[in-house]
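Notes follow once the structure below has been shown.
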Amino acid sequence: MEMITKMVLERPVVIYSKTSCCMSHTVKTLLCDFGANPAVHELDEIPRGREIEQALLRLGCSPAVPAIFIGGELVGGANEVMSLHLNGSLIPMLKQAGALWV
């Protein structure tokens, strides 16, 4: 858990993902298209990825990926990010976290 706490503070937007996950790809594309420039941690490519995945599950991420943190706080997975986008609150959240300069 401590590793996740440190990692989510490295940038305003942090995504835990797997290269084979289509929902992870969708969320990464959406946030990058907004200009958020997230830190992306591909759990199937990094050391201790399995350990991080288990920690995300303990945090309540189900499934573990994608797991999106904005401003150091867990937002949730793809469904939560898409819901925020559709109700118009994602961009203000990204701006408040310092991920967007517009």
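The values are calculated or read from the model by the stated rules, or taken from the named source; none is laboratory data. Computed from a predicted model, the values in this text were never measured in an experiment. Note that we place each Cβ from the backbone using ideal geometry, even for glycine, and neighbour counts take in every protein chain shown. Accessible surface areas use protein heavy atoms only, side chains included; no ligands, DNA or RNA. Shrake-Rupley method; radii C 1.70, N 1.55, O 1.52, S 1.80 Å.
Structure values in brief
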{"quantity": "Counted residues, the range 60-83 - those being part of a loop (DSSP other than H, G, I, E, B) and either at pLDDT below 95 or touching a Leu at 6+ places or on another chain (Cβ under 8 Å) (or both)", "calculated": "7"}
{"quantity": "Of all residues making up the range 60-82, the number that are surrounded by 13 or more Cβ atoms within 10 Å (Cβ to Cβ) and of a type in the set (Ser, Thr, Tyr)", "calculated": "0"}
{"quantity": "Any hit, the range 86-102, residues being surrounded by 15 or more Cβ atoms within 10 Å (Cβ to Cβ) and aromatic (Phe, Trp, Tyr)", "calculated": "no"}
{"quantity": "Scan of the range 25-59 for residues that are in a loop (DSSP other than H, G, I, E, B) and either closer than 19 Å to GLY98 by Cα or open to solvent by less than 60 Å² (accessible area, probe 1.4 Å) (or both), ordered by number", "calculated": "GLY35, ALA36, ASN37, PRO38, LEU43, ILE46"}
